[in-house]
Every structure is written in C-alpha cells, then in structure tokens.
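Some notes on the structure that comes next.
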Amino acid sequence: MPVPGPRCCSWGTTAVFGVVVAAIVFADEKLTARKSVGVAFGVAGVIAAKGLDNLAHIDLRSLGQLAVLAGTLCYAMAGSFARANLSGLSPLVASAGMLTGSTLVMIPLAWGVDGMPSLALEPRTWMAIGYYSLIGTAGAYLLYYSILAKAGSGNLMLVTLMLVPVAILLGHLVLGEVLLPRHFIGFGFIATGLIVIDGRLIRAIRRIGV
C-alpha cells in the first residue's frame, strides 16, 4: 500500500507568510513570541509528517518550486488585502465579488487553451462538479471571509497547517494508505503549535497552578 504524504511543501510556508505579512500590515496582528513559537511547531509538524528525507528534494534553482513558494506568498498577501479592503462587506458580497471576478478572468483563458468544454459528462462527474463548486468553493469562501472578519488574516492562514493531517488521514481512510509513526509525530507538533498560538489551554493550566 502506498505511504501518504503531503504533495506540496507549501502548506507550512503559507502559515509562515500569513502571520509575517499580517504582522507587517496590521498593528493588531503583531508577531508575538508565542505566535512565533506556535508557527515554528506547526511547520516542524508539517516537515515531520512529510518526512525529513523530502527536504533533500527542495531546490531553489527550480522555477517550479519557486513558483509554488511565490503562490503561497500571494495567498498570504491576499488575506491581508482582503482584510484591509473588504472588511466593510458581508462575507456573501465579498465571496460573490471575488468568485465573479476570477471567473471572468479564467473563462477566456480556459476556453482559449482547452476549447469549448463538453457537457456530455457522467452523472458522478456532475456531482463532483456540484460539490467543489457549491461546497468546496462557494461555501468555503463564505467561511473564509467570515473567519477573516473575526480572527484576522494571520490566524486565517494557520488553517493551512490542518491540511496536512486531514490529507494524510483521508488518504488512509479512503485510499488505504499507510500511517507511519512520523505522521503521528507531525500531528503532535501541529497540535502543540496550535495550542501555543491559541493560548487558552496554557492560561488554564497556569490558573490551576499545574
């Protein structure tokens, strides 16, 4: 059986870029020592779950890898841009505007590259399209803008750390991929990082004098 693992090293860098960009742009999202330590634990968890041997494949001379890193930086900057410019809009309006704009950009490009799409698709294909359109995209962006308004752009980007355990566990449950000790070690580091960033459990332990 195949061994699961994140397909891209960008998940950890998205969280790092997210908190750094937010700290630069917003006075109320300063990069505190606690947040720095928490993000460091989270990134360590991503690396542990993916496997240290995969670090040997990182090559900053690779245009493809540089493009992926640039994409994670753009994703982080988009969160700060949205908070700075769309905070006065409801999540519904912000989501509709963003998706409408991206659709208008992508349709002519997709049509020009791939041609007229075929509508003769299997029912399960239409179900998949409906899922990722309505739930995985529209619903996800409603949640995205709701969390952005409540938690800030830096905290919003931390959700990318959760992609690692979710992807690995789904690979195990759906595809029968093997869970290795390093995956659980990585999960532990990620959980520790999120607990440190959140701070509530640490404060509770201090209050009871443990």
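Number of residues in the stretch 54-82 that are over 21 Å from G152 (Cα atoms) and not β-branched (V, I, T) equals 15.
Of the residues screened, L179 is one that is in contact (Cβ under 8 Å) with a residue 60 or more places away in the chain and among the hydrophobic types (A, V, I, L, M, F, W, C). What residue, among those in the stretch 193-210 that are among the small types (G, A, S) and open to solvent by less than 50 Å² (accessible area, probe 1.4 Å), is nearest to V43 (Cα to Cα)? Taking the candidates together, the pick is G193. Scanning for something open to solvent by less than 80 Å² (accessible area, probe 1.4 Å), touching a residue at least 60 places away in the same chain (Cβ under 8 Å) and polar (S, T, N, Q), does the stretch 51-62 turn up at least one residue? Scanning the stretch 51-62 turns up no residue that is open to solvent by less than 80 Å² (accessible area, probe 1.4 Å), touching a residue at least 60 places away in the same chain (Cβ under 8 Å) and polar (S, T, N, Q). Condition check: over 23 Å from G79 (Cα atoms), at pLDDT 90 or above and open to solvent by less than 40 Å² (accessible area, probe 1.4 Å). Does G171 satisfy that? Criteria met by G171. Go through the stretch 156-210 and count every residue that is among the hydrophobic types (A, V, I, L, M, F, W, C) and outside any helix (DSSP H, G or I). Summing the residues that are among the hydrophobic types (A, V, I, L, M, F, W, C) and outside any helix (DSSP H, G or I) in the stretch 156-210 gives 5.
The lone criterion from (1) among the hydrophobic types (A, V, I, L, M, F, W, C); (2) open to solvent by 40 Å² or more (accessible area, probe 1.4 Å); (3) modelled with pLDDT of 90 or more left unmet by I190 is number (2). Just one residue in the set S80, S90 is within 19 Å of the chain's Cα centre (by Cα) and either modelled with pLDDT of 90 or more or basic (K, R) (or both); that residue is S80.
Within the stretch 113-123, identify whether any single residue is in a helix (DSSP H, G or I), loosely packed, with under 13 Cβ neighbours inside 10 Å and aliphatic (A, V, I, L, M), and answer yes or no. Looking for residues that are in a helix (DSSP H, G or I), loosely packed, with under 13 Cβ neighbours inside 10 Å and aliphatic (A, V, I, L, M), one finds at least one in the stretch 113-123, hence yes.
Among the residues examined, I147 qualifies as open to solvent by 60 Å² or more (accessible area, probe 1.4 Å), without any contact (Cβ under 8 Å) to a residue 60 or more places away in the chain and assigned to a helix (DSSP H, G or I).
Here N85 meets each of (1) closer than 23 Å to L158 by Cα; (2) surrounded by 11 or more Cβ atoms within 10 Å (Cβ to Cβ) with one exception, condition (2).
A quick yes/no check of all residues on (1) among the basic types (K, R); (2) at pLDDT below 90:
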site	(1), (2)
L66	no, yes
S95	no, no
G115	no, yes
R124	yes, no
A128	no, no
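A single member of S90, S102 is open to solvent by 50 Å² or more (accessible area, probe 1.4 Å) and either touching a Ser or Thr at 6+ places or on another chain (Cβ under 6 Å) or of a type outside the set (A, V, I, L, M) (or both), and it is S90.
The values are calculated or read from the model by the stated rules, or taken from the named source; none is laboratory data. Note that the coordinates shown come from a computational prediction; the quantities given were computed from them, not determined experimentally. Don't worry about glycine lacking a Cβ; one is built from the backbone with ideal geometry, like all the others, and counts go over all protein chains shown. Surface areas here come from the heavy atoms of the whole protein model, side chains and all, with no ligands, DNA or RNA. Shrake-Rupley method; radii C 1.70, N 1.55, O 1.52, S 1.80 Å.
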